[in-house]
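Let me begin by presenting the structure, written as structure tokens, before commenting on it.
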Amino acid sequence: MVVPEIIEEKDRNKRIIRDLYKAIIFKDADTLHLLLAPNLEWWFHGPQRHRHHLIPFLTCSSSSASSSNPFVPHLIEEFGSTVIIAEGYDKVNNVWWVHAWTITVDGVITQIREYLNTSVIVTKLRKHLDADDDDACYSSMGHCVWKSKLIDDSVPGLILAI
């Protein structure tokens, strides 16, 4: 049986990410300010020439018109209660992107992992406890729970463990 609060949280997290991309498209700095933590942790993987692909949009400093905005997600997936994956394609710059967002229980986005022209595979981690509960270690369960869909297998890939 699925608990209603869990369904509401999943819907809430996807709605937060959809609202974030709408705010990026319309350069709505007020909404971005509400959704993003002031000390947002940003991590990037991809070609160096695209290193600041997302940041100008999050800060509303991009000079790009909303009609040519590269951040229209084709897919938004939820993993657990805090990680949301969004994937899309920027036709203007010929860039495939995957964003992994971390959201707190309060609905604030605290982390973004940005992958450009990189195939991403998401796997689940399994917690192993030693005799002492303080000495937990994690290992991959060895199976993929999600894989980039907009990019082909010839592109280098990374595994994102959640």
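The values are calculated or read from the model by the stated rules, or taken from the named source; none is laboratory data. Please read all numbers here as calculations on a predicted model, not as lab measurements. Every residue, glycine among them, receives a Cβ derived from its backbone with ideal geometry; neighbour counts consider all protein chains shown. Ligands, DNA and RNA are excluded from the accessible area calculation, which covers all protein heavy atoms including side chains. Shrake-Rupley method; radii C 1.70, N 1.55, O 1.52, S 1.80 Å.
Residues of segment 11-30 that are open to solvent by 20 Å² or more (accessible area, probe 1.4 Å), within 10 Å of Cys60 (Cβ to Cβ) and not acidic (Asp, Glu): Phe26, Lys27, Ala29. If only residues of segment 1-47 that are more than 21 Å from Tyr115 (Cα to Cα) and of a type in the set (Val, Ile, Thr) are counted, the one that is modelled with the highest pLDDT is Thr31. Residues in segment 74-92 that are open to solvent by 50 Å² or more (accessible area, probe 1.4 Å), of a type outside the set (D, E, K, R) and touching a Lys or Arg at 6+ places or on another chain (Cβ under 9 Å): 2 in all. Of all residues in segment 103-114, those satisfying the criterion of being within 9 Å of the chain's Cα centre (by Cα) and either of a type in the set (D, E, K, R) or crowded, with 19+ Cβ neighbours inside 10 Å (or both) are Ile112, Arg113, Glu114. Could you tell me which residue of segment 48-63 is modelled with the highest pLDDT, considering only residues that are over 11 Å from Ile24 (Cα atoms) and of a type outside the set (D, E, K, R)? By that ranking, first place goes to Gln48.
Given the condition small (Gly, Ala, Ser) and outside any strand (DSSP E or B), answer yes or no: does some residue in segment 77-98 qualify? Scanning segment 77-98 turns up at least one residue that is small (Gly, Ala, Ser) and outside any strand (DSSP E or B).
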